[in-house]
Protein chains: 2
Amino acid sequence: MARAATTSDVFNAVAEPRRREILALMAAREWAVGDVVERLKMDQPSVSKHLRVLRATGLVHMRCQGRQKFYRTNAQALRPLHDWTSTFERYWGDQLNRIKQRAEAASRK
Amino acid sequence: MARAATTSDVFNAVAEPRRREILALMAAREWAVGDVVERLKMDQPSVSKHLRVLRATGLVHMRCQGRQKFYRTNAQALRPLHDWTSTFERYWGDQLNRIKQRAEAASRK
DNA sequence: TTGACATATTCTTGTATCGGCATGTAATGT
DNA sequence: ACATTACATGCCGATACAAGAATATGTCAA
């Protein structure tokens, strides 16, 4: 078996840096494809193909208007990623956690 | 250009489901390779190869002891992922955010 | 209808993967 | 010294990828 498809899940879709750029750009408001091309200085087919992947994984929504298509990031689709990383929060010892853990250790004595 | 190397960054390393399983397993304490093999029911070479990728991206630490090697998740390395997803938090309209945004809209009037 | 514009798809090419199997290497035990 | 244990690495085949160039689809305007 080869590497999983980029469309298989959010983790794979987001592995591509260009796609992360696109998602960041389209988070606040919707963008027409051509404007994304100009803003990110990518080739138009490249943008379209990345958007296809993002759409397949539910990471963006699309709206047709005349000959333009407006895309917008669907931030909700990123929650699985956020939630997964959050399960490690208690292990990356920031100050709050260190305090918590010290308290736990003290209470065990 | 093909897809970025799995060792190029955390996003690519974590795109593989098996590697996420391994990271989750080794978050709380260190594990010898053989124990991971038994626990996750994967082939030993497969585990070794995944660990190689995880080590290259700093996602795990290793400690040698005799003929065993103990691996442990380095949760800190997951922070970039967490931080990136967090930038979208204000867009996944949960109730708190909706209230915030309504307040902002009101103050703009 | 014809042409211009906006976006999508197809094809090619080089590259990187993942699993499975076999083998290599290093440390321990007898 | 030899066998065994614990991992790592190398090779194979199948698959999927991303960029680039060319082409196709779809929409509006004159």
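Laboratory data are not the source of any read-out in this text; all were calculated from the coordinates shown. Note that the structure is a prediction, hence the values are computed from the model and not measured. All Cβ positions, even for glycine, are placed from backbone atoms using ideal geometry, and neighbour counts span all protein chains on display.
Using modelled backbone amide H atoms (1.01 Å from N, in-plane), which distant-in-sequence or interchain residues come within less than 5 Å of A:Ala32's amide H?
When sequence neighbours closer than 5 places are left aside, the close amide H contacts are A:Tyr71.
In nm to one decimal, list the spacings between the B:Arg79 label point and its equivalents in the other copies, with label points set 7 Å along Cα to Cβ, shortest first.
Nearest first, the other copies' label points are 2.7 nm away.
So, in Å, what gap is there between the alpha-carbon centers of the stretch A:28-79 and the stretch B:1-42?
Here the answer is 31 Å between Cα centres.
Using a Gaussian network model of chain B whose springs link C-alpha atoms within less than 10 Å, name the residue from B:Thr57, B:Thr87, B:Thr73 with the highest mean-square fluctuation.
Residue with maximal mean-square fluctuation among B:Thr57, B:Thr87, B:Thr73: B:Thr87.
Do any trypsin sites (Lys or Arg not before Pro) in the stretch B:1-31 lie in a DSSP loop with no more than 11 other beta carbon atoms within 10 Å, and if so, which?
Qualifying residues, ordered by number: B:Arg29.
Would you kindly state how much longer the chain becomes between A:Arg39 and A:Lys69 on full extension, computed as 0.36 nm times their sequence separation minus their alpha carbon distance, in nm to one decimal? Let's see the in-between values first.
Values: separation 30, 0.36 × 30 = 10.80 nm, distance 1.60 nm.
Computed gain between A:Arg39 and A:Lys69 is 9.2 nm.
Given the options A:Ala28, A:Ala13, A:Ala75, state which has the largest fluctuation in a GNM of chain A using a 10 Å cut-off (strictly under) for Cα springs.
Top of the fluctuation ranking is A:Ala28.
Considering only the label points, 7 Å along Cα→Cβ from Cα, what distances in nm to one decimal separate B:Glu38 from the same position in each other copy, shortest first?
Computed spacing set for this position: 6.4 nm.
Which residue in A is nearest the A/B rotation axis when you measure from the C-beta atom, and what is the distance in Å?
A:Ala15, 2
Using Cβ counts within 10 Å as a stand-in for footprinting exposure, how do A:Trp92, A:Trp31 rank, fewest first? All intermediate terms of the calculation are to be shown ahead of the outcome.
Values: A:Trp92 17, A:Trp31 22.
By the 10 Å Cβ count, ascending, the order reads A:Trp92, A:Trp31.
If you line up the long axis of helix B:95-108 against the longest principal axis of chain B, both from Cα atoms, how many degrees apart are they, to the nearest 10?
In chain B, helix B:95-108 runs at an angle near 40 degrees to the longest axis.
Say a label goes 7 Å from Cα toward Cβ at B:Met1 in every copy; what distances in nm does this one have to the rest, shortest first?
In nanometres, ordered from closest: 2.9.
Using Cα pairs under 8 angstrom and six or more residues apart, how large is the relative contact order of chain A, in percent? Walk me through the numbers before you get to the answer.
Details: 97 pairs, mean separation 28.9, N = 109.
Rounded, it is 27 percent for chain A.
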